[in-house]
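I have placed the structure first, in the form of structure tokens, so that the comments after it can refer back to it.
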């Protein structure tokens with residue numbers, strides 16, 4: 001086979017690859033709201049952190065703790081997991097006492113939500129929506145609300161408005177809005193991370209400004225959590 005033929009074959013393969021990946025990118029752009037929003041806002045740093053470094057998104061969500069603290073704790077909650085419930089009850093109040101109330105770290109909540117649950121607006125999607133609606137209506141007892149949700153059947157979620165002093169009418173309106181094809185952006189992001197990064201719950205991601213995360217799965221001991229946080233503090237010179 002002469003050089004011209006070989007060169008022609010190579011060029012055709014390169015062109016075919018460019019066309020293929022171009023089609024894939026267009027399809028991904030149209031279906032991936034994070035990619036589309038980041039590109040339209042020219043937020044290339046967000047695109048790099050998410051799609052290249054695979055760092056979970058935290059910039060648009062509520063957190064507990066010190067505003068200036070660079071240490072970030074991301075708890076991935078699975079409302080259908082007994083281990084997640086046990087971890088949340090046993091460890092989160094202690095973490096809050098040691099690091100959040102003292103301003104040493106920020107605590108973010110993320111949720112394990114499958115694409116199927118997101119599409120059907122069922123299961124864990126409902127519980128994650130309840131949290132976002134509670135926060136959107138000014139709810140501040142975030143840890144207690146999560147603990148109560150673990151004990152609450154899906155059909156009884158609206159009744160939580162009695163215990164947490166928020167408007168039942170507004171809460172129900174918010175929940176219906178989420179279910180009727182207008183979910184909170186952060187819920188979509190959590191589903192996408194479950195799909196793309198295989199994010200698991202329960203887990204806690206201990207990092208610096210949401211990056212370089214040490215991930216502990218299941219129900220890790222408080223001593224292991226303390227050591228992991230301390231390692232980040234040492235890196236920061238704290």
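Order of 193, 40 from fewest to most other C-beta atoms within 10 Å?
40, 193
Using the Cα atoms of the range 63-236 to build a convex hull, what is its mean projected area in square nanometres?
9.5
Place a point 7 Å from the Cα of residue 120 along the Cα-to-Cβ direction; which residues of the range 73-87 have their backbone N under 18 Å from it?
79-81
Taking the alpha-carbon set of the range 87-130, what are its Rg and Dmax in Å?
Final numbers for Rg and Dmax: 14.2, 40 Å.
Give me the extension gain from residue 156 to residue 234: residue separation times 0.36 nm, minus the current Cα-Cα distance, reported in nm with one decimal.
Stretched out fully, the residue 156 to residue 234 stretch lengthens by 23.6 nm.
Which of 215, 52 comes first, and how do the rest follow, when ranked by fewest Cβ neighbours within 10 Å?
52, 215
Taking only the C-alpha atoms, wrap a convex hull around the range 117-220 and report its volume per residue in Å³ as a whole number.
Taking only Cα atoms, the range 117-220 has a hull volume of 122 Å³ per residue.
Please work out how much length the chain gains when fully extended from residue 82 to residue 54, using 0.36 nm per residue of separation minus the C-alpha to C-alpha distance, in nm with one decimal.
7.4 nm
Just subtract the alpha-carbon distance of residue 195 and residue 173 from 0.36 nm times their residue separation and send over the number in nm, one decimal.
5.1 nm
Any read-out appearing in this document is the output of simple, stated calculations on the displayed coordinates, not a laboratory observation. All values reported here derive from a predicted model rather than from experimental measurement. Note that each Cβ is placed from the backbone with ideal geometry, even for glycine, and that neighbours are counted across all protein chains shown.
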